[in-house]
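Enquirer: Have a look at the structure that comes next, please.
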Amino acid sequence: NNTKQRNTNINSNINYLFKDTAGRMLMVNGDYGYYNNRQDQIQPNTFYDATGKNELFRRNYQISSPTRIDIYSVKADYEQPFAKGKLALGAKAGWVKTDNTFNQYLQAGDEWQLDKESSNFFSYKENVNAAYINYSKDFAGIAVQAGVRTEQTRVEGDLRSFQKNGTDYNVETASFKKDYLDFFPSVTLTLAPKSANQFAIAYSRRIDRPVYQDLNPFEYRINEYHYHKGSTELRPQYTNMVSFSHTYKFKLATSLSYSHVKDVFGQLVDTAQGIKGYLVNSNIASQDITALNISYPFQYKNYSLFTNVNAYYSKYKADFGENRKINLDVKAINFFAQNSYRFGKGWSAELSGFYSSPSIWQGTLKSSSIWSADAGVQKQILKGNGTIKASVSDVFKSLEWSANSDFAGQKLDVAGRNESRQLRLNFTYRFGNKNIKAARQIKTGMEEEMNRTQSSGGLGH
């Protein structure tokens, strides 16, 4: 098939910051985000007889699926000294509106005709109101941080579709509403926070909401026999995590953690009507993860190295009925390393790479190992004000993925790759007064919402 996709992202922020000598701070952020995705696809399908030589018939489709997402948020954060510690509190209100159109056309001769039974419009609105309070204090070698955040979520959606009525079509609307309240506590105890050896114990509960497009119930045609489908019933996933960490001389960092994820996001490969396969975004009952993470930065003269190793055991469980059970587990390891060297006279080079062992993907697919390496060289010019950089991503063109699943009587083997090996040339020039203090970094109030405009990374995206 031939797919053309155009994305437009616009983010704007207005903020106010107040600080005084008593240690009080107030920051207010107002944000607006606009996301527009226009995707047009032509999908030709040609059918042959058993010999593969004689054409039987053709069935061609044209699909237009524009998506618009508008995000508004207001956020206020306040801090002040309190009872020989620090008290922080804040509130946030966010509003999101998404409009999704899906029009499918069938080719009849030289004309494209709208397939009304496969076309529809989905509108989704979400309002999240949140407030938090947090307190931190040092007690004779033990630093304590404790807090709680509460969130009220209101969502509503409308799906408008064509339903055949004799020789004509009626427009029918299916609506849904949800309203729920959640609490998310967190606590951290840090032992010897100012010594060479730091130990910390932490507990937290968090929420991850679905990507907006995964809530879209459209049946998106991948090919003649496979479809991708979102779900308005997709719920947020909740994670309870306990961790124990150690830091040595503020460099060597080690952590051991256990997480239990309820309603974890996954993608089921299901069947319908005998010959059709559906990739359905769903909540899998649970995921349990035990992980050991080690990272270390190393510096010797002009050479620097950063390494990270993450070894974990993960288990997925779900029961969707007879012959529709999930019980998968995996022991896996991820490794990342970044090397850099300064040669002098403005020259420097960098080499980085990663390796991921076989794991479980989207809750139901067993994926193979994957690895890649990137390299780059740069030169400072124009008295250090300019930088020229050349880099190559996926040097060995090894970034290929494959996975398989066996669920509900359907076995699936998938593989693919992107155009990952790319040569990039960059030029940067810094001008102006270098003695002027750099602008402060602004953390806006809609990072989470903007992250949810991106693909969740499953098959069919």
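The values are calculated or read from the model by the stated rules, or taken from the named source; none is laboratory data. Note that the coordinates shown come from a computational prediction; the quantities given were computed from them, not determined experimentally. Quick reminder, even Gly has a Cβ in these numbers, built from the backbone with ideal geometry, and neighbours come from all protein chains shown.
Enquirer: Just to be sure I understand, how many residues within the range 359-391 are modelled with pLDDT of 95 or more and surrounded by fewer than 15 Cβ atoms within 10 Å (Cβ to Cβ)?
Expert: Matching residues across the range 359-391 total 3.
Enquirer: Which number in (1) charged (D, E, K, R); (2) part of a loop (DSSP other than H, G, I, E, B); (3) more than 28 Å from Lys411 (Cβ to Cβ) marks the one condition that Arg206 misses?
Expert: Against the list (1) charged (D, E, K, R); (2) part of a loop (DSSP other than H, G, I, E, B); (3) more than 28 Å from Lys411 (Cβ to Cβ), Arg206 comes up short only on (2).
Enquirer: Determine the pairs where a residue that is assigned by TED's automatic domain parsing to the domain that holds Lys194, located within the range 242-260, has a partner that is outside any strand (DSSP E or B) with Cβ atoms under 7 Å apart, the partner being 6 or more residues away or on another chain.
Expert: Close Cβ pairs (under 7 Å, with a partner that is outside any strand (DSSP E or B)) amount to Tyr248/Ala196; Lys249/Ala196.
Residues checked against (1) on the phi > 0 side of the Ramachandran plot; (2) among the β-branched types (Val, Ile, Thr); (3) out of contact with any strand residue (DSSP E or B) (no Cβ under 9 Å at 6 or more places or on another chain); (4) surrounded by 17 or more Cβ atoms within 10 Å (Cβ to Cβ):
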{"site": "Tyr238", "(1), (2), (3), (4)": "no, no, no, no"}
{"site": "Val242", "(1), (2), (3), (4)": "no, yes, no, no"}
{"site": "Leu252", "(1), (2), (3), (4)": "no, no, no, no"}
{"site": "Asn283", "(1), (2), (3), (4)": "no, no, no, yes"}
{"site": "Gln287", "(1), (2), (3), (4)": "no, no, no, yes"}
{"site": "Thr290", "(1), (2), (3), (4)": "no, yes, no, no"}
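Enquirer: Just checking, does the range 105-115 include any residue being within 25 Å of Gln454 (Cβ to Cβ) and in the same structural domain as Asp182 (by TED's automatic domain parsing)?
Expert: Checking the range 105-115: not a single residue is within 25 Å of Gln454 (Cβ to Cβ) and in the same structural domain as Asp182 (by TED's automatic domain parsing).
Here is a yes/no grid of residues against (1) surrounded by 12 or more Cβ atoms within 10 Å (Cβ to Cβ); (2) within 34 Å of the chain's Cα centre (by Cα); (3) of a type in the set (A, V, I, L, M); (4) under 30 Å from Phe139 (Cα atoms):
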| position | (1), (2), (3), (4) |
| --- | --- |
| Lys164 | no, no, no, no |
| Asp179 | no, yes, no, no |
| Leu189 | yes, yes, yes, yes |
| Ala192 | yes, no, yes, yes |
| Gln198 | yes, yes, no, yes |
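Enquirer: Every residue in the range 218-229 that is surrounded by fewer than 20 Cβ atoms within 10 Å (Cβ to Cβ) and assigned to a loop (DSSP other than H, G, I, E, B), please.
Expert: Passing the criteria: Ile222, Asn223, Glu224, Tyr225.
Enquirer: So which residues in the range 124-150 are surrounded by fewer than 18 Cβ atoms within 10 Å (Cβ to Cβ), closer than 30 Å to Phe218 by Cα and either of a type outside the set (Lys, Arg) or in contact with a helix residue (DSSP H, G or I) (Cβ under 8 Å, 6 or more places away or on another chain) (or both)?
Expert: Once the filter is applied, which keeps residues that are surrounded by fewer than 18 Cβ atoms within 10 Å (Cβ to Cβ), closer than 30 Å to Phe218 by Cα and either of a type outside the set (Lys, Arg) or in contact with a helix residue (DSSP H, G or I) (Cβ under 8 Å, 6 or more places away or on another chain) (or both), the range 124-150 yields Asn127, Asn129.
Enquirer: Would you confirm whether or not the range 13-22 contains a residue that is under 20 Å from Asn120 (Cα atoms) and β-branched (Val, Ile, Thr)?
Expert: no
Enquirer: Please verify whether Leu412 is without any contact (Cβ under 8 Å) to a residue 60 or more places away in the chain and among the aliphatic types (A, V, I, L, M), treating the condition exactly as stated.
Expert: no
Enquirer: Within the group Asn339, Asn334, Asn404, which residue is assigned to a strand (DSSP E or B), closer than 30 Å to His260 by Cα and over 20 Å from the mean Cα position of the chain (by Cα)?
Expert: Going through Asn339, Asn334, Asn404 in turn, the sole match is Asn404.
Enquirer: Considering Lys331, Lys315, which residue is closer than 30 Å to Phe407 by Cα, not assigned by TED's automatic domain parsing to the domain that holds Gln378 and not acidic (Asp, Glu)?
Expert: Lys315
Enquirer: Report yes if Ala311 is part of a strand (DSSP E or B), within 20 Å of Phe250 (Cα to Cα), of a type in the set (A, V, I, L, M) and out of contact with any helix residue (DSSP H, G or I) (no Cβ under 8 Å at 6 or more places or on another chain), otherwise no.
Expert: Considered against the rule, which asks whether it is part of a strand (DSSP E or B), within 20 Å of Phe250 (Cα to Cα), of a type in the set (A, V, I, L, M) and out of contact with any helix residue (DSSP H, G or I) (no Cβ under 8 Å at 6 or more places or on another chain), Ala311 comes out as no.
Enquirer: Out of all the residues in the range 68-82, is one or more surrounded by fewer than 14 Cβ atoms within 10 Å (Cβ to Cβ) and assigned to a loop (DSSP other than H, G, I, E, B)?
Expert: No, the conditions are met nowhere in the range 68-82.
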